[in-house]
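The structure under discussion appears below in the form of structure tokens.
The values are calculated or read from the model by the stated rules, or taken from the named source; none is laboratory data. Because the structure is predicted, anything quoted here is derived from the model rather than measured. Cβ placement follows ideal geometry from the backbone for every residue including glycine, while neighbour counts extend to all protein chains displayed. To get the accessible areas, we keep the full protein, side chains included, count just its heavy atoms, and leave off ligands, DNA and RNA. Shrake-Rupley method; radii C 1.70, N 1.55, O 1.52, S 1.80 Å.
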Amino acid sequence: MQGKTVVITGGTSGIGQVAAEKLAGMGARIILVARSQSRGQAALSRLREIAPGAKHGIYYGDLSRLAELRRVGKEIAAAETRIDVLINNAGAMFGQRQVTDDNLELTFATNHLSYFVLTHELREPLIASSPSRIVNTSSHAHYRGTIDFDNLQYQHDYKSFPAYSRSKLCNVLFTRVLARQLAGTGVTANSLHPGFVKTRFGDESGGGMARMIGLMKIFAISPEKGAETIIYLASSPDVAKTTGLYFYKCKPVEPAKLAQDDAAAERLWDYTDRLLSH
Ligand SMILES: NC(=O)c1ccc[n+]([C@@H]2O[C@H](COP(=O)([O-])OP(=O)(O)OC[C@H]3O[C@@H](n4cnc5c(N)ncnc54)[C@H](OP(=O)(O)O)[C@@H]3O)[C@@H](O)[C@H]2O)c1
């Protein structure tokens, strides 16, 4: 990873933090995208301790807010001369339905729209830096996800796990279309499941779901183990040309039937595109 620049969201905690630190240890220059100044500065300081030679950087923005997402994406695209890897990883689950300032359901905005918008903003620099890679953190929760285009943001009947599962299904569908669109550009796009990992995930979800995740964490793997597939997809020569696949434990695995539905994938892309152009 010497001489390579990696942009990562969710690098201030959990698997994203471990991935950023390990990739920095392998020689990469890391660009964090974070919402919290204190957590961001702490993560950046650790990167500077691990690999003082590289000019690691940070951009601040709340990834659930469209204006901040777009601003951060444009700032990175304008400032960075090359982007070798984009890791879309920030994500969360919410016990209650919440709506952002853009009038978007918070899970959908944080977990799906942030991947879509940041990738869109960094698409040209990624193509210009090719061969390059996009790595999207999804989840096996996507196997439980459904798509209902008339109620995509759970305007009614919101439940936290179904909303989360749908957003993670969106990650796999998004990656599928992205890989096809980028074919021939030298930019690959893959998604992954990290495993059930003991991180801060769920701690701030609220309600019964947070308590349940908290209890189940005794069965969870370490963030170091959970980050392995992200690091593999971001750095391994084995997958330099692999694109459009879903990985678990550093191996491609078959995603849900619905996640392989090209019509649903295209429809989600168009829905998202239309939503963002309003
Ligand atoms: N843990 C698991 O078992 C598991 C399983 C499958 C998939 N995943 C996926 O793995 C990814 C990483 O989760 P994790 O387990 O490492 O959880 P985590 O420890 O809670 O980390 C989540 C990261 O996302 C960032 N983030 C969340 N909302 C954000 C926002 N609005 N703007 C900017 N940054 C935001 C957090 O920033 P702060 O530091 O500011 O909070 C943090 O860096 C998620 O996409 C999750 O869906 C996790």
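Of 62, 203, which has the most accessible area and how do the rest follow, probe 1.4 Å? Spell out each step's value before the answer.
Working: 62 40, 203 95 Å².
Heavy-atom accessible area, descending, gives 203, 62.
Available extension along the chain between residue 267 and residue 120 is 51.2 nm, counting 0.36 nm per residue and deducting the alpha carbon span. Mind checking which aspartates and glutamates have their Cα closer than 18 Å to the Cα of residue 74? Skip sequence neighbours fewer than 8 apart in that chain. Filter leaves 62, 84, 121, 124, 273. Charged side chains reduced to their Cβ positions (Lys and Arg at +1, Asp and Glu at -1) give the chain a dipole of some 680 debye around its Cα centre. Put simply, the amide H of residue 134, placed in the peptide plane, has neighbours under 5 Å in 86, 188, 189, 190, leaving out anything fewer than 5 places away on its chain.
Here the gap between residue 45 and residue 130, fully extended at 0.36 nm per residue and compared with their Cα-Cα distance, gives a gain of 27.7 nm.
Length gain on complete extension for the stretch residue 100 to residue 274, per 0.36 nm per residue less the alpha carbon to alpha carbon distance? Write out the running numbers ahead of the final one.
On the way: separation 174, 0.36 × 174 = 62.64 nm, distance 1.77 nm.
Roughly 60.9 nm would be gained on extension.
Across the cross-link table entries 198/257; 198/249; 4/198; 225/251; 22/225; 4/241, which are compared at the Cα atoms, the separations over 21 Å belong to 198/257; 4/198.
For region 163-274, what is the charge dipole size about the Cα centre, in debye to the nearest 20, if Lys and Arg each add +1 at the Cβ and Asp and Glu each add -1 at the Cβ? Could you put the intermediate results ahead of the total?
Working: 15 positive and 11 negative charges, 54 e Å.
With only Lys, Arg, Asp and Glu charged at Cβ, the dipole is about 260 debye.
Working note: 222 nm ellipticity from helices only, DSSP H runs with n ≥ 4, each -39,500 (n - 2.57), summed and divided by the residues of the chain, gives -13000 deg cm²/dmol to the nearest 500.
Given a 1.4 Å probe, how much area per residue of the chain is accessible, in Å²? Kindly include the intermediate steps, with their values, before the conclusion.
On the way: 12270 Å² over 278 residues.
For the chain, the per-residue accessible area is 44 Å².
When 75, 121, 224, 204 are compared by accessible area at a 1.4 angstrom probe, the order from most to least is 204, 224, 75, 121.
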